[in-house]
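Presented below is the structure to which this report refers.
The values are calculated or read from the model by the stated rules, or taken from the named source; none is laboratory data. As the structure is a computational prediction, the values presented were derived from the model and not from experiment. Backbone-built Cβ (ideal geometry, glycine too); neighbour counts: all protein chains shown. Only protein heavy atoms, including side chains, enter the accessible area calculation; ligands, DNA and RNA are left aside. Shrake-Rupley method; radii C 1.70, N 1.55, O 1.52, S 1.80 Å.
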Amino acid sequence: MSNILTLLNHEKFFSDVFLYDLDFSYAIEIIFRTTVMFSIILIFLRLTGKKGIRQLSIFEVAIIIALGSAAGDPMIDQEMAIIPSLIAFISTLILYRSITYFAAKYSKVESLIEGQPIYVIEDGKFSLNVKEAQTLGKDEFFAEMRESNISHVGQVKTAILETNGKLSIFYFEQDQVKYGLPILPKEYNKKTIDITVPNHYACTTCGETAYLHYSTSCSRCQGVEWVLAAKDCRVT
Ligand SMILES: [Zn+2]
């Protein structure tokens, strides 16, 4: 502890952290290196053939990390030349191009690299045994559904989690909307394990709905937490 304090009090510590051996000519060199590396990044991202990026698949994130780390060092490290980094860029591009080529040709390669679309909602209820939906986290998932003006799960016929992390949603017709688990925070947070008033309830774990007279466990997933089910239509 006392060592850290001496270090912090020391002027050298601050000059090491903020400046190290930065002088005017090195600063100019950094500007030059950054301009070169930034141009290389742009050129290579264009060469991958992608138009723009909204949602990234894991595979694309890997490419970005690879290009990013190859580009970062030569920007600021005087001992790093640019050509080795360029070689890393070319290898990454070749890898990307050949993997996308094989992924387009063989669906097994595609699902290995990108994963597969997953059903998260079927017939107004959460699909059971969906580990991916659990790792996605209910909060995030509910937020995404609310952005599509969904107030309860009974409005959704099918929802599929795409490999790029996007949620594709197919709705019930207005007259087919079922009782469902409300996902608006105020309603959802009224969840309880004590049922005293008979009514339509939705299981907070799997979205199963039932007309309940007293506290019981969910017939579908054995969950014990319920919330008053909603049945209103989706208004956009
Ligand atoms: Zn349930």
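Go over the candidates K131, K186 one by one and state the one that is at pLDDT below 90, exposed (fewer than 12 other Cβ atoms within 10 Å of the Cβ) and within 28 Å of the chain's Cα centre (by Cα).
K131
Can you tell me which residues in segment 202-215 are of a type in the set (A, V, I, L, M, F, W, C) and either touching a Leu at 6+ places or on another chain (Cβ under 8 Å) or more than 14 Å from the ligand (Cβ to nearest atom) (or both)? Reasoning before the result, please.
Let us first name the residues in segment 202-215 that are of a type in the set (A, V, I, L, M, F, W, C), namely 202-203, 206, 210, 212.
Selection gives A202, C203, C206.
Every residue, every condition in (1) more than 16 Å from the ligand (Cβ to nearest atom); (2) of a type in the set (V, I, T); (3) touching a strand residue (DSSP E or B) at 6+ places or on another chain (Cβ under 8 Å), yes or no:
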position: M145; (1), (2), (3): yes, no, yes
position: S151; (1), (2), (3): yes, no, yes
position: K191; (1), (2), (3): no, no, yes
position: H200; (1), (2), (3): no, no, yes
position: S217; (1), (2), (3): no, no, no
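Return yes when V235 is of a type in the set (A, V, I, L, M), surrounded by 18 or more Cβ atoms within 10 Å (Cβ to Cβ) and more than 13 Å from the ligand (Cβ to nearest atom) and no when it is not.
For V235, the condition - of a type in the set (A, V, I, L, M), surrounded by 18 or more Cβ atoms within 10 Å (Cβ to Cβ) and more than 13 Å from the ligand (Cβ to nearest atom) - is not met.
So is V177 in the same structural domain as E140 (by TED's automatic domain parsing), open to solvent by less than 30 Å² (accessible area, probe 1.4 Å) and more than 16 Å from the ligand (Cβ to nearest atom) or not?
Against the criterion (in the same structural domain as E140 (by TED's automatic domain parsing), open to solvent by less than 30 Å² (accessible area, probe 1.4 Å) and more than 16 Å from the ligand (Cβ to nearest atom)), V177 qualifies.
Please go through segment 13-46 and give me each residue that is modelled with pLDDT of 85 or more, farther than 21 Å from I87 by Cβ and open to solvent by 100 Å² or more (accessible area, probe 1.4 Å), ordered by number.
Passing the criteria: F24, I31.
Restricting to segment 147-165, give me the number of residues that are over 24 Å from Y211 (Cβ atoms), surrounded by 13 or more Cβ atoms within 10 Å (Cβ to Cβ) and touching a residue at least 24 places away in the same chain (Cβ under 8 Å). Walk me through it before giving the result.
Applying the first criterion (over 24 Å from Y211 (Cβ atoms)) to segment 147-165 yields 147-149, 158-165.
Filter once more, keeping what is surrounded by 13 or more Cβ atoms within 10 Å (Cβ to Cβ): 148, 158-165.
Those still in the list that are touching a residue at least 24 places away in the same chain (Cβ under 8 Å) too: 158-165.
Result for segment 147-165: 8.
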